[in-house]
1. If you scan the range 48-74, which residues turn out to be buried (at least 17 other Cβ atoms within 10 Å of the Cβ) and either within 20 Å of Arg122 (Cβ to Cβ) or touching an Asp or Glu at 6+ places or on another chain (Cβ under 7 Å) (or both)?
2. Tally time: how many residues in the range 103-135 are surrounded by 13 or more Cβ atoms within 10 Å (Cβ to Cβ), part of a helix (DSSP H, G or I) and not aromatic (Phe, Trp, Tyr)?
3. Please find, within the range 14-34, the residue that is nearest to Val86 (Cα to Cα) out of those that are part of a helix (DSSP H, G or I) and free of Cβ contacts under 8 Å to residues at least 24 places away in the same chain.
4. State whether the residues of the range 87-102 include one that is surrounded by 10 or more Cβ atoms within 10 Å (Cβ to Cβ), outside any loop (DSSP other than H, G, I, E, B) and over 25 Å from the mean Cα position of the chain (by Cα).
5. Looking only at residues that are part of a helix (DSSP H, G or I) and touching a residue at least 60 places away in the same chain (Cβ under 8 Å) in the range 1-11, which one is nearest to the chain's Cα centre (by Cα)?
Amino acid sequence: MRRDSRLSRILHVLIHMAEHEEPLTSEAVAAFLSTNPVVARRLMAGLRDAGFLTSKKGHGGGWELAAPLEAITLADVFHALGDPAVFAFGPTEDQPDCLVEQAINERLAATLDDARAMLLARFGEITLADINADFESKLKDSPWTGKPEFCG
């Protein structure tokens with residue numbers, strides 16, 4: 001089963017946005033995400049609607065951060081992406097009248113709900129500023145001396 005990497009990829013784009021002074025075009029975001037600009041705009045629109053990004057059309061336009069990194073948590077980005085599934089497995093409905101399946105589904109669903117709640121609570125404690133600080137620390141310890149480029 002293919003892993004959903006949208007959260008990681010969008011976080012990567014957002015940290016790069018913080019390092020660049022000019023807006024990122026949908027084409028640049030799409031190239032990084034290995035998708036087309038329509039899909040990139042759809043993903044970024046959730047963040048714009050949540051107030052974390054702005055977008056401008058036309059020459060010189062693109063996507064820019066509308067909130068400081070300290071004000072955006074992993075949970076915020078997760079929710080702006082439409083609350084994607086956290087787990088690739090879950091209850092089944094193959095035999096809904098089977099009492100064994102019902103018992104399994106109840107326990108599995110409750111356990112997964114608890115795990116999801118704990119994960120999202122932790123996501124709410126981590127800001128993009130925390131991630132950016134980790135990046136800055138890695139950059140400081142790196143032999144590389146150039147300006148961070150958008151690594152798409």
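1. Scanning the range 48-74 gives Phe52, Leu53, Leu69, Ile72, Thr73, Leu74.
2. Total satisfying the criteria: 12.
3. The initial filter retains those residues of the range 14-34 that are part of a helix (DSSP H, G or I), namely 14-19, 26-33.
Add one more test, that the residue is free of Cβ contacts under 8 Å to residues at least 24 places away in the same chain, and what stays is 27, 30.
Working: Glu27: 28, Ala30: 23 Å.
By that ranking, first place goes to Ala30.
4. yes
5. Residues of the range 1-11 part of a helix (DSSP H, G or I): 6-11.
Retained after the next criterion (residues that are touching a residue at least 60 places away in the same chain (Cβ under 8 Å)): 6-7, 10-11.
Values: Arg6: 6, Leu7: 2, Ile10: 4, Leu11: 5 Å.
The qualifying residue nearest to the chain's Cα centre (by Cα) is Leu7.
Coordinate-derived values only; no laboratory data. Values in this document were obtained by computation on a predicted structure and should not be read as measured data. Methodologically, a virtual Cβ is constructed for each residue, glycine included, from the backbone with ideal geometry; neighbour enumeration extends over all protein chains shown.
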